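In what follows, a structure is listed as structure tokens, so that the remarks can point back to it.
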Amino acid sequence: MIIAFFSGIAGYLGVNAINTIDAEFDKVSAETIPIIETLEALKFAGLRIVSSTSEFILIKSEKEYVEKNEEGEKGEEGEKGEEELIEYGKSLYNNTLKRYEGLMNRFFPKEREFLEKIRSAGGNLQASSFKIIELKKQGIFGEEILEAKEEFENNEKIFLEIINNVLAYENKEFMERKELVESAITIASNRIVAIFIIVFIMAIALGIFMAYSIANPIIKLSQAAIRIGQGELKTRVKIESRDEISFLAASFNKMAADFSGSIESEKKKTEDLILLNKKLFAITAELQIAKTSLEQKIKERTKELEEERDSLEVRVQERTKEIAETNEKLAKKLSDLRIFYKASVERELKMISLKKRIKELES
């Protein structure tokens, strides 16, 4: 019962540690990762607006240098297509911003300043995009269009800077939470191992105690039988347990008392001694059988404890493997986010090159 009790404690603490790790992992999966994904989507939507606006300006600028012919009609189709992409980017941005706002209100209400900054920068970016497109449609040139372009580029820079800063903050928070999960895994593993060692030591100590508590009364009975055999007829055995050995000790004491009383009869001395010897031999045989049986029980119980220990080691290894697989999934998700971030940076570099080309054409 005691071994089962400590095994239950070890199992409970192990399950509790695993639940703690699962809760931390679920918290990261449900809060930080969706925030990062939403920020990446906002950044993509903003770049979509910037890219399509720049493409529209480029197409509009090229169109102004050619006459209305088949190519001109294709230019109009290009303008229409870029305007549709701009509207798509705005729609994607607004929907993503609503999703980001919902996540912030739900999980990080104290960080609403990020939301307000992104909303303001995104609104300015859309307004400057709309302004420069309208100026291009009206055929306005000169200082007004240059100021609109400068405003648009400045709003783009501010928007991307804010998004990148918030992403850096969320990535830092993600790494901190990842470290918390890893710390919880380490603490849980150490706790399970420590509990296993304690239970194992207590099982050994309990086995030794049980072996001693069983063997000691038998040794006392054997020693008492030897002393009686040597003529110490007043020898008695005191055993306070309530098992078979206590009943055997009581029988032994009664036998000794009967034997002591039989000494009073000189005539039956020889017969009593012979009878006593027979009884002593019988008791010794019974004690030996009881001792053998108890030793076998001790061996069987020791084997059961070793099997329980092996089973616990297997469960610990399996859970450690599951935790390692969870870490690999988290690492893969982070790698995917980094790949997406790299692609976004390459897109920004292409946009810078495209802006230079527009400036060259306009000059």
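Structure above, values below:
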{"quantity": "Within segment 24-73, considering residues that are at pLDDT 70 or above and among the charged types (D, E, K, R), the one nearest to the chain's Cα centre (by Cα)", "calculated": "GLU31"}
{"quantity": "Residue match in segment 102-122 (condition: at pLDDT 90 or above, in a helix (DSSP H, G or I) and within 15 Å of ILE36 (Cα to Cα))", "calculated": "yes"}
{"quantity": "Condition met for LEU273 (assigned to a helix (DSSP H, G or I) and at pLDDT below 70)", "calculated": "no"}
{"quantity": "Close pairs (6 angstrom Cβ cut-off, 6 or more residues apart or separate chains): in contact (Cβ under 8 Å) with a residue 60 or more places away in the chain in segment 174-192, of a type in the set (S, T, N, Q) anywhere", "calculated": "PHE174/THR32; ARG177/THR32; ALA184/THR20"}
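Residues are listed down the side, and each one gets a yes or a no for (1) within 23 Å of GLU322 (Cβ to Cβ); (2) touching a residue at least 60 places away in the same chain (Cβ under 8 Å); (3) exposed (fewer than 13 other Cβ atoms within 10 Å of the Cβ); (4) touching a strand residue (DSSP E or B) at 6+ places or on another chain (Cβ under 9 Å):
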{"position": "ILE133", "(1), (2), (3), (4)": "no, yes, no, no"}
{"position": "ILE145", "(1), (2), (3), (4)": "no, no, no, no"}
{"position": "LEU167", "(1), (2), (3), (4)": "no, yes, no, no"}
{"position": "LYS172", "(1), (2), (3), (4)": "no, no, yes, no"}
{"position": "ILE201", "(1), (2), (3), (4)": "no, no, yes, no"}
{"position": "GLY207", "(1), (2), (3), (4)": "no, yes, no, no"}
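The values are calculated or read from the model by the stated rules, or taken from the named source; none is laboratory data. Note that the structure is a prediction, hence the values are computed from the model and not measured. All Cβ positions, even for glycine, are placed from backbone atoms using ideal geometry, and neighbour counts span all protein chains on display.
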